[in-house]
Amino acid sequence: MNIHEYQAKELMTKFGVANPPGGVAATAQEALAVAQSLKTTDLVIKAQIHAGGRGKGTFTNGYKGGVKLCTTAEEAKEIASQMLGQTLVTVQTGPAGKLVSKVLVAQSKEIARELYFAIVLDREAQAPVIIASTRGGVNIEEVAEHTPELILHRRIDPALGLQPYEARILAEYLDLKGEQLKPACAIFHALYNLFIQTDCSLVEINPLVVTKQNEVLALDAKFNFDDNALYRHPDILAYRDVTEEDAREVEASKFGLNYIGLDGNIACLVNGAGLAMGTMDIIQYAGGKPANFLDVGGGANEQQVTEAFKILVSDKNVKAILVNIFGGIMKCDTIAQGIINAVKAVSLPVPLVVRLEGTNVAAGKKLLQESNLPIIAADDLADAAKKVVAAVKK
């Protein structure tokens, strides 16, 4: 799960991570009030969407830039009025853009240096890994590609946590010395505590800045959380903004379905993440393009299968559906009955190819055959892929 920048600021403040003061506004009048409360002539207004590149983005009303500096509360109000309720298009949103319903009004800072600091969960290392670079404020992927020597990776022992000497090593690498050393180390420790205690998968501060007043501050933040751990954090789950998510993914989550929308035209319904990945690969190999990743899990019931079909056919780009089930915990006759009920419920508008294997496969195939529904049976996965690609091309 992702959160907005203003929500990340709230969490950072809670955990003691130094960052510029500010507040969120949903109307121009609220933006005026927040700006007035900051009692400064150094202000920045930031559109709040789940995408980067906001500063160089363009609104559909022609207004340019989702990050603006200003010096008065009245200016802040005017800028907010240009952003709120408008769609912002950036390099990360795609041409459709994202609707801006909130803005962050914060105190701006005179920046002397921009640094990069992140903590990620490295599954190969089985530990949190800190990534730091003196090249902050830019795309870290570009730095990794062109100047990898400017990036430091440090594995943190999960049993011990971030040790004081490790924080000093990071500070030294980032050339944070003298008066900057103590506040920098305090930020590193606070961010690590935040990462662990809230079950983050990513904490990214870009940029971590040194101001001309010699402050060390987290100027912008991006947090990702492990969805499987959100039941432990109802306060963080409350940050979820479903308007920023794919409506199909939101609907799927209501029924315990794992769905990710893609840009192809062959929908997939599979039980098991590994099998789903293999199914998408073989569709691609056969000359098609998968429209989604959809794992109904090992114990899906008939209702979940029906809801899954509803989500698949709601995608106007879908021209055919491939169901690939390996019956283990989920028996093939159960899934077959679910498919039959689903097809009847949604009045399937596109060809459907079904491949069944595993427990009670003979009973499942018999149910599908006797249903007299327009279902294309496949003998194996390769056969299923060929048939579904051919159905799209008809």
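Which of the lysines could a cross-linker span from Lys394 if the Cα-Cα distance has to be under 22 Å and same-chain partners fewer than 8 positions apart are dropped? Leaving aside lysines fewer than 8 places away in the same chain, those within reach of Lys394 are Lys289, Lys316, Lys319, Lys386.
Going highest first, how would you order 3-9, 196-202 by mean Cβ packing within 10 Å?
On the way: 3-9: 21.7, 196-202: 17.1.
Descending mean neighbour count gives 3-9, 196-202.
Explain nothing, just the number: relative contact order of the chain, from Cα pairs under 8 Å at least 6 residues apart, as a whole percent.
Relative contact order comes out at 12 percent.
The order of the peptides 135-147, 340-352 by mean Cβ neighbours within 10 Å, most packed first, is 340-352, 135-147. Residues whose amide H falls under 5 Å from that of Asn258, counting only those 5 or more places apart or on a different chain, are Asp295, with hydrogens built in the peptide plane. Of all beta bridges that DSSP places with both ends in the chain, some 75 percent have antiparallel geometry. Distance between the C-alpha centres of region 186-224 and region 22-81: 22 Å, rounded to the whole angstrom.
Think of the chain as having a plus end and a minus end, set by charges on the Cβ of Lys, Arg, Asp and Glu; of Phe326, Phe195, Leu115, Phe326 sits farthest toward the positive end of this dipole. Under 15 Å from the 7 Å Cα→Cβ point of Lys316, by amide nitrogen: which residues of region 92-121? Once the point is set 7 Å along Cα→Cβ of Lys316, 96 turn out to lie under 15 Å by backbone N, inside region 92-121. For Cα extents along the principal axes in Å, pick the label among [x] 59, 47, 36; [y] 61, 43, 42; [z] 77, 49, 39 that corresponds to the value derived from the coordinates. Given [x] 59, 47, 36; [y] 61, 43, 42; [z] 77, 49, 39, the calculated one carries the label [z].
Dividing the summed helix terms, -39500 (n - 2.57) for each DSSP H run of n ≥ 4, by the number of residues in the chain produces a 222 nm estimate of -11000 deg cm²/dmol to the nearest 500. Using the Cβ-Cβ distance between Ser37 and Ala159 with R0 = 45 Å, the FRET efficiency computed as 1/(1 + (r/R0)^6) comes to roughly 0.55.
Rounded to the nearest 0.05, what FRET efficiency do Glu78 and Lys393 give with R0 = 56 Å and r taken as the Cβ-Cβ distance? Could you check? List each step's numbers first, then the result.
On the way: r = 54 Å, r/R0 = 0.96.
In this case the efficiency is close to 0.55.
For a modelled paramagnetic label at Leu181, 7 Å from Cα along Cα-to-Cβ, no residue of region 193-225 is in reach, as no backbone nitrogen comes under 13 Å. Could you compute the FRET efficiency for Ser371 and Glu141, with r as their C-beta to C-beta distance and R0 at 30 Å, rounded to 0.05? With a Förster radius of 30 Å, E is 0.05.
Read-outs throughout are calculated quantities, based only on the coordinates presented, and are distinct from any laboratory measurement. Quick caveat: nothing in here was measured; it's all calculated off a predicted structure. Methodologically, a virtual Cβ is constructed for each residue, glycine included, from the backbone with ideal geometry; neighbour enumeration extends over all protein chains shown.
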